[in-house]
Amino acid sequence: MADASQGKLIEFKGASLAVMTAYVRETDAVRLADAMHMMMGGMPDFFAGEPVVLDFSQLAGAPDWVDWTAITSLLRRYQVQPIGVRHLPEHLHEGARRANLAMLGKEGMSAERPVATPQPAAPVPQPEPVAAPAPAPAPEPVAEAQPATGNTAAPTLIVERPLRSGQQIYAKGGDLVLLAGMSPGSEVIADGSIHVYGPLRGRALAGARGDTSARIFSTNFGPELVSIAGVYRTFERGIPQNAAGRAAQVRLIGSDNQHTLEITPLQNDH
Amino acid sequence: MTRVIVITSGKGGVGKTTTSASISSGLALRGFKTAVIDFDVGLRNLDLIMGCERRVVYDLVNVINGEANLSQALIKDKHCDNLFILPASQTRDKDALTEEGVEKVLKDLSHQGFDYVVCDSPAGIERGAVMALTFADEAIVVSNPEVSSVRDSDRILGILQSKSRRAIEGREPVKEHLLITRYSPKRVEEGEMLSYKDVQELLRVPLIGVIPESDDVLQASNQGTPAIHLKDSDVAFAYQDVVARFLSEDRPLRFVSYEKPGILKRLFGGK
Ligand SMILES: Nc1ncnc2c1ncn2[C@@H]1O[C@H](COP(=O)(O)OP(=O)(O)OP(=O)(O)O)[C@@H](O)[C@H]1O
Ligand SMILES: [Mg+2]
């Protein structure tokens, strides 16, 4: 029992913590419940107690009043643990405080001086109506994920096993390499580029912190959604013929505010 | 060392129990001391297919709760000497199965010298299914050649990766096998069903076999005889092949291509 910290039963230190952000675009609890059910139906414990910051920067309209009890208990039903709010309109602060939610600044959980990292990209405009999990640690981490650390270069996260429906993985600060492809209904997010050897069939979001030079590569292209630095595209009406099922890449072209996604087949594809 | 094999699928009614009965019987026929456990709390099922429903006194939950010991609850199979069945409980209480309880039962089976323990999982991805796969060393994921079944198999593979003890403890991952059941080469030919190649391409798991769709399965279950024992039946041969491949023997795939009935067959009938 007697160690260096004896005498101090509790000690406070600065720490920065990576947490998941939920962009809440609607505060009506019934509509949120509906959207959560659509997204998470059948997987009530997907989040497994994951702490989450609620970000209201993309809120459609400013409600007069928010039923915080309803929202927090709804989230807890899906085992999401709301810990604080961010970008919440001023007049709603008091209510959120009473619901035991912390008011967080732009830096979120960072209690240390902010590190010189690029600010998060413009919010990822995902097609789901609400509460889309933003770039964040994977709720169902893949066991084999092994960061191959270099000296100063950002680490590359290499995943050797297939990523399955319902699984999500986040490569913080660097590239993500999937060696066995990904299934429909899975999601990968990287601050850098995403390389998928094998089928890319779920959602792939590269440049999650705004790196517009990030790209997405796959040897068998067939995603549900791709996004680079917040510019996204879905494929309800099918994948471009020249890329479907083949080796292809996605990148951002254009400049400043005029970015568009370009999908091209890779030359060395026979 | 006892190997624990879970037979799982996500989707219901795809042939897990049929497969559990045949594979456990097949392993026992090869001389391995084998137990098959029904995890489908509330729905007794395996005991009917094994034809031992009239001899069920105690079940898995009784053993977990200490109301019976393992030897009392294990039912000796009527076809194979070294096969034992641990039936499901009829209790509605879904919490009756605890992780510690299941772990203890598996440990006891190991002490009794069992080579294989086959766990017949309930459908779904909830508690019961997770309990059945928690301690698995190998998983046979049963899928029918249709999109919804494949999707659910994919989910259950993800859960194996995250919820199995092997995954949680960072040991070598659960060894995965894909078994496609209720396969009809004719319907594949006609474009009404995914081919086994499609299914394997979607799931990217090594294929351990393809079981054809056959009325023999219903007939076998009505008799309380696992399908692998049937005489002159494609289903029996296909399950025997699966057991052989499980034991690392090479067997080419059979019953996967459709041959249009020739003129003689069309004239004179017959299977
Ligand atoms: N190869 C087959 N050919 C024809 N019918 C089959 C075949 N395999 C299984 N069946 C039938 O499909 C039905 C479901 O089979 P079974 O009970 O083995 O599935 P299950 O996955 O265990 O179902 P549950 O999810 O309800 O536990 C049964 O009526 C069975 O007779
Ligand atoms: Mg069953």
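Summary of values
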read-out	value
Some residue of the range B:203-215 being more than 30 Å from A:Gly245 (Cβ to Cβ), within 9 Å of ligand 1 (Cβ to nearest atom), surrounded by fewer than 19 Cβ atoms within 10 Å (Cβ to Cβ) and more than 14 Å from chain A (Cβ to nearest Cβ)	yes
Residues of the range B:131-156 satisfying the condition of being within 16 Å of ligand 2 (Cβ to nearest atom) and either within 14 Å of another protein chain (Cβ to nearest Cβ) or not in a strand (DSSP E or B) (or both)	B:Met131, B:Ala132, B:Leu133, B:Ala139, B:Val141, B:Ser143, B:Asn144, B:Ser149, B:Asp152, B:Ser153, B:Ile156
Whichever residue in the range B:1-42 is more than 24 Å from B:Leu157 (Cα to Cα) and modelled with pLDDT under 95 and, among such residues, is farthest from the chain's Cα centre (by Cα)	B:Met1
Near pairs, Cβ below 6 angstrom, 6+ apart or cross-chain, from the range A:165-179 (within 14 Å of chain B (Cβ to nearest Cβ)) to any residue that is of a type in the set (Ser, Thr, Tyr)	A:Ser165/A:Ser183; A:Ser165/A:Ser186; A:Gln167/A:Ser186; A:Leu179/A:Tyr197
Neighbours by Cβ (under 6 Å, 6+ apart or cross-chain): first from the range B:239-253, closer than 8 Å to B:Gly209 by Cβ; second polar (S, T, N, Q)	B:Tyr239/B:Ser22
Answer from A:Arg215, A:Arg209 - the residue that is more than 19 Å from B:Arg204 (Cβ to Cβ), of a type in the set (Lys, Arg) and modelled with pLDDT of 90 or more	A:Arg215
Residue check for B:Leu179: under 21 Å from B:Glu146 (Cα atoms), more than 12 Å from ligand 1 (Cβ to nearest atom) and modelled with pLDDT of 95 or more	no
Residue in the range B:159-173 that is under 21 Å from A:Glu160 (Cα atoms), within 16 Å of ligand 2 (Cβ to nearest atom), hydroxyl-bearing (Ser, Thr, Tyr) and in a helix (DSSP H, G or I) present	no
Residue within the range A:166-187 that is at pLDDT below 95, buried (at least 21 other Cβ atoms within 10 Å of the Cβ) and over 14 Å from the mean Cα position of the chain (by Cα) present	no
Of all residues in the range B:211-244 being assigned to a loop (DSSP other than H, G, I, E, B) and of a type in the set (Gly, Ala, Ser), the one that is farthest from ligand 2 (Cβ to nearest atom)	B:Ser233
Search result, residues across the range A:221-233 that are over 15 Å from A:Thr264 (Cβ atoms) and assigned to a strand (DSSP E or B)	A:Leu225, A:Ser227, A:Val231, A:Tyr232
Breaking point among (1) small (Gly, Ala, Ser); (2) at pLDDT below 95; (3) buried (at least 20 other Cβ atoms within 10 Å of the Cβ), for A:Ser193	(2)
Any chance B:Val14 is within 10 Å of ligand 2 (Cβ to nearest atom), more than 14 Å from every other protein chain (Cβ to nearest Cβ) and aliphatic (A, V, I, L, M)	yes
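The values are calculated or read from the model by the stated rules, or taken from the named source; none is laboratory data. If you're wondering where the values come from, they're calculated on a predicted model, not measured in any experiment. Neighbour counts are summed over all protein chains in view; Cβ atoms, including those assigned to glycine, are modelled from backbone coordinates with ideal geometry.
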